Every structure is written in structure tokens, then in C-alpha cells.
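Beneath this line is the structure, given in C-alpha cells, with notes to follow.
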Amino acid sequence: MDDLFSVPLGYVDPDQGPDNELSPSPIPPEAFEHRGKWLALRGCKILAVRDTRAELRQEFGLHHPGITFFNVPETRNLAR
């Protein structure tokens, strides 16, 4: 039978890295140069920048596999 309480509380295996590493954002940093605009993204690449989502839909259609529409906020939230 395994003793689940045999490891001291707070013990960290030195061979394991920290689990709190941030994964990279799918939004490229240069997207924030287009505040208030709508972007069409494929992966981390900007395909188009438009004023409205309707303009992106007109250009890419309603079904756009692999393309994500993203509205860049007017202000960047600096709170973490």
C-alpha cells in the first residue's frame, strides 16, 4: 500500500521545472499597434486589418477555416 503522506508538504522535485511558465500568446505583439481595429489572424500571422468585423466577414466569408477574427482593445490592460 502506498503512503500518500510520506512526502513532506511543500516538497518540490528538483528535476521538475516550475508549472507556472506562461505559454506564448496566439496574438502577435504587433497586433496592439492596431488598437480599436479588427484583425484576421492565421496562427500568429496578421492577414488583414479592418475597421469592422463585417468588413472581415465580407473579405473572408462566414466560414473561414484556420482564420480567427480578433478585436484589438482600445487600451491595453496592464494589470496582471
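For region 29-71, what does the equivalent ellipsoid look like in terms of its semi-axes, each the square root of 5 times an eigenvalue of the Cα gyration tensor, given largest first in whole Å?
Details: eigenvalues 52, 32, 7 Å².
The answer is 16, 13, 6 Å, longest axis first.
Report the label-to-label distance for ARG42 and GLU55 in nanometres (one decimal), using points 7 Å from each Cα along the Cα→Cβ vector. So the label points at ARG42 and GLU55 sit 2.0 nm apart.
Here the 3J(HN,Hα) profile of region 39-52, calculated from phi with Karplus coefficients 6.51, -1.76 and 1.60 at θ = phi - 60°, is 10, 9, 10, 10, x, 9, 10, 7, 8, 7, 10, 9, 6, 9 Hz, Gly and Pro shown as x. Label separation (GLU74 vs GLU30): 2.7 nm, computed from points 7 Å beyond Cα along the C-beta direction.
No lab work stands behind these numbers, since they all come straight from the coordinates. All of these numbers come straight from a predicted model, not from anything done at the bench. All Cβ positions, glycine included, derive from the backbone under ideal geometry; neighbour counts span all protein chains shown.
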